[in-house]
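K.L.:
Have a look at this one.
The values are calculated or read from the model by the stated rules, or taken from the named source; none is laboratory data. None of these values were measured; they are calculated from a predicted model. We place every Cβ from the backbone using ideal geometry, glycine too, and count neighbours over all the protein chains shown.
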Amino acid sequence: MARNALGKGLGALIREPEPQQISGSSGAATAAAPAPVSTISSGQQMIDIELIEPSPYQPRTRFREESLEELSRSIQSSGIIQPLVLRKIGDRFQLIAGERRWRAAQRAGLHRVPAILRDVPEELALEITLVENIQREDLNPVEQARAFERLMTEFNLTQEDVAIRTGKDRASVANSLRLLRLEKPLLEWIEDGKLTAGHGRALLGVVDMKLRAALAIRASRGGLTVRQIERISTRRTRKGEREAVAAPVDPNVRAALDELQKSLGTRVSLRPPTSKFPGQLRIDYYEDSQLSAIYEKLMR
């Protein structure tokens, strides 16, 4: 697959098909039973809605009921303005873009919908679907984070690569991915709109799980702003650091740290665990090549 096309938008990912008339499995169209697929303009077809299947790569997991109902009323009044994008799978069709329109069209009682057919392989269909949804900016924060993660996992991309392909900046991608470190109940609250993504990132700074849960409950009820959670997290962290500094380090542990520093060739520090915070082992590095060398040594 040509990766350099991905930074040019979705149009660069897919090939325009030649205008064509496609025969349905039931044969030629008649006045009483129109063909399941027929050409209405150059490159655009009318497709039987029952032949269309949702994409297995769709990052959206939730479709807002009121939004679908509003779109359905609009389709009943004005029709589908922007055609769906499909690819042919056997005798049926798979959505690449336009699942909300497809769902709303079903509610509106449409039997056929305008669509553009694209000839794309499986791997590219996954990428187009993920990128198209991210670029539309109508995913909730957790869906977007999972879409970023899937792009990185499925295509072995870095955060910088994902940022280029989706038109985001790298910091936005990194901040989005951080949300996935939250516990499942908190992720569900963000998806439901009970917490904002900002609340979620602030809660990541709270190490104590019981305190994090308590703060999340207060925030979901409107009792805490993002800034207030950040201040609480900062105070708790500083208190934990003071406790850790005051705690004596076992001579055997100190000797082990010295050996580790010599082996890795960089500063290594330890923060012992406290009643409220887990212990931390910190390894400093100053450039990417040094990080790679540390990684190789640790993996051996």
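K.L.:
Using beta carbons and a limit of 8 Å, which pairs, at least six apart or on different chains, have the first residue in region 285-300 and free of Cβ contacts under 8 Å to residues at least 24 places away in the same chain and the second one in a loop (DSSP other than H, G, I, E, B)?
P.N.:
Pairs found: Y285/T266; Y286/T266; L291/Y285.
K.L.:
Next question. Can you work out which of the residues in region 233-244 that are closer than 26 Å to I190 by Cβ and surrounded by fewer than 17 Cβ atoms within 10 Å (Cβ to Cβ) is modelled with the highest pLDDT?
P.N.:
T234
K.L.:
Another one. So which residues in region 278-300 are aromatic (F, W, Y) and either surrounded by 10 or more Cβ atoms within 10 Å (Cβ to Cβ) or not in a loop (DSSP other than H, G, I, E, B) (or both)?
P.N.:
The answer is Y285, Y295.
K.L.:
Only one of (1) at pLDDT 50 or above; (2) exposed (fewer than 15 other Cβ atoms within 10 Å of the Cβ); (3) not aliphatic (A, V, I, L, M) fails for P36. Which number is that?
P.N.:
(2)
K.L.:
Follow-up question, since we're still on this one. What's the number of the condition D192 fails, among (1) surrounded by fewer than 16 Cβ atoms within 10 Å (Cβ to Cβ); (2) closer than 30 Å to P83 by Cβ?
P.N.:
Evaluating D192 over (1) surrounded by fewer than 16 Cβ atoms within 10 Å (Cβ to Cβ); (2) closer than 30 Å to P83 by Cβ leaves (2) as the failure.
K.L.:
Moving to a separate point now. Restricting attention to region 58-84, which residues are closer than 15 Å to N140 by Cα and in contact with a Lys or Arg (Cβ under 7 Å, 6 or more places away or on another chain)?
P.N.:
Listed by number, the residues that qualify are P59, F63.
K.L.:
Quick one: in region 163-207, of everything that is in contact with a Gly (Cβ under 9 Å, 6 or more places away or on another chain) and at pLDDT below 90, which residue is nearest to G279 (Cα to Cα)?
P.N.:
V207
K.L.:
Any chance you could count how many residues in region 104-128 are closer than 15 Å to P56 by Cβ and out of contact with any Leu (no Cβ under 8 Å at 6 or more places or on another chain)?
P.N.:
5
K.L.:
Only one of (1) in contact with a Lys or Arg (Cβ under 8 Å, 6 or more places away or on another chain); (2) assigned to a helix (DSSP H, G or I); (3) within 25 Å of I190 (Cβ to Cβ) is not met by V142, so which one is it?
P.N.:
The number of the failed condition is (1).
K.L.:
Would it be correct to say that I116 is crowded, with 19+ Cβ neighbours inside 10 Å and either among the β-branched types (V, I, T) or not in a helix (DSSP H, G or I) (or both)?
P.N.:
Here the answer is yes, as I116 does meet what is asked.
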